[in-house]
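Remarks on the structure that follows.
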Amino acid sequence: MYDPYAVLVLAPVFGLMVYAVSQIVIIRAAPDRSPYFSMFVGNIAGFLLSLVVTIGWLWGSELSTPNKVALFAMNFAIYLGVGFCYFNLVNIIIASLRVRMLEEIWLAGDGLPARQLLDGYNSEKVFEVRIARLLNGGHLVESDGRFVNGKKRFLWLALFWEVLRRVILGRKRFAAGRPKVPSSLRAP
Amino acid sequence: MWVTAVAFGIFFAGFFVHLLVWRISLPTRQTAALVVIFFLSLVGGMTTLFACVAAGYATPFRVWEYLHVILFHLTLMFTYLIVYTSIEERSPSMTLLVFVHEAGKTGRTREEMAGVLTGIAPVEIRLRGMVRDHLTVESDGVCRLTSKGRAWACVFSTWRRFLKMKKGG
């Protein structure tokens, strides 16, 4: 028997479907454009659909206001979650070294010498790719041979991650795992 | 309201157990441990809910209300698993941004940043992680994929080509 509550439950799922389809259509139509553009547009489209369906359902229901707010919060959290998961499903192709290495070994057929992987993806090359990506995105700015922060969005996310790491790992493990400037480069 | 409270309660119970276990002893396979903890939290929470309903302490949920709780839990679980991968192994890009931020207006030199990144993201760590997770095996200096590794590589490669994206990393 049909239960109208199903529409509320499925609102974020519909939103995710719109996100995915929009993102795929845009990225396949414009492969030379940054993939983050397709993810941004897709996410907005999916979010709007999820929002409209959720608010529309709640508006027409006879639930109390606190109940409506609680269910709205629940659906909002679900859409943020599925949107984040989908974002990472695409971003893993862009940013994951491990996925890149898996694909390279697979395409090689009969394995790859470990030395070739270590040389091909050595820390210097990884560093240069990362720096280029951060500079191109405006997250870092180079001035007189020194790097300073540019756009703050990614930085705020990174700082939030540091807080999360501190809470989850605890003070000692967090401190032990913090990256340090090599002693040869530290100021006297 | 009750649906939302149950959903948040089950997830945060699992999160609390996760923090407790991590304080006692860090598991070797952290992602697998998280999956077990959150799965058990869902099973335990739903079982408790059924018991409360059967005993008359709670009004019965409709099927779609149970599904709403499960959808919420699974979504947050997968979201947290993704977040946790960058807690377990530091994201090189985020590490660089925070490192530069800590220097304030003076900024950092290229050498300082390269030095910091070498410490946390050498390829050796990635390779060891892939062996530990049974994605690859290494013998006679050659890295080969396991059947699990081949499956994942096929999925990601197909997905990348479907999206018409270049290789990343």
Residues located in segment B:86-112, provided they are polar (S, T, N, Q) and in contact with a strand residue (DSSP E or B) (Cβ under 8 Å, 6 or more places away or on another chain): B:THR106, B:THR109
Helices (runs of 4 or more DSSP H) wholly inside segment A:35-117 containing at least 2 residues that are within 23 Å of the chain's Cα centre (by Cα), more than 7 Å from chain B (Cβ to nearest Cβ) and farther than 23 Å from B:LEU67 by Cβ: A:35-60, A:65-95
Given (1) over 24 Å from A:LEU159 (Cα atoms); (2) surrounded by fewer than 20 Cβ atoms within 10 Å (Cβ to Cβ); (3) among the small types (Gly, Ala, Ser), number of the condition B:ALA153 does not satisfy: (2)
Listing of helices (runs of 4 or more DSSP H) fully contained in segment B:61-153 that carry 1 or more residues being touching a Ser or Thr at 6+ places or on another chain (Cβ under 8 Å) and at the interface with chain A (Cβ under 7 Å from one of its Cβ atoms): B:92-102, B:110-120, B:123-132
Residue ID - nearest to the chain's Cα centre (by Cα), chosen from residues in segment B:27-60 that are outside any helix (DSSP H, G or I) and within 30 Å of A:ARG173 (Cβ to Cβ): B:ARG29
Pair list, Cβ < 7 Å and 6+ apart or interchain, from segment B:5-20 residues that are without any contact (Cβ under 8 Å) to a residue 12 or more places away in the chain to residues that are surrounded by fewer than 23 Cβ atoms within 10 Å (Cβ to Cβ): B:LEU19/A:ILE168
Residue in segment B:88-95 that is at pLDDT below 85, surrounded by 20 or more Cβ atoms within 10 Å (Cβ to Cβ) and of a type in the set (D, E, K, R) present: yes
Conditions (1) touching a residue at least 40 places away in the same chain (Cβ under 8 Å); (2) of a type outside the set (Asp, Glu); (3) over 14 Å from B:THR79 (Cβ atoms): number failed by A:GLY56: (1)
Residue within segment B:117-127 that is modelled with pLDDT under 90, of a type in the set (Lys, Arg) and outside the structural domain of B:PHE11 (by TED's automatic domain parsing) present: yes
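The values are calculated or read from the model by the stated rules, or taken from the named source; none is laboratory data. None of the values given here were measured: they were computed from a predicted structure. Cβ sites come from the backbone with ideal geometry, for glycine too, and all protein chains shown count toward neighbours.
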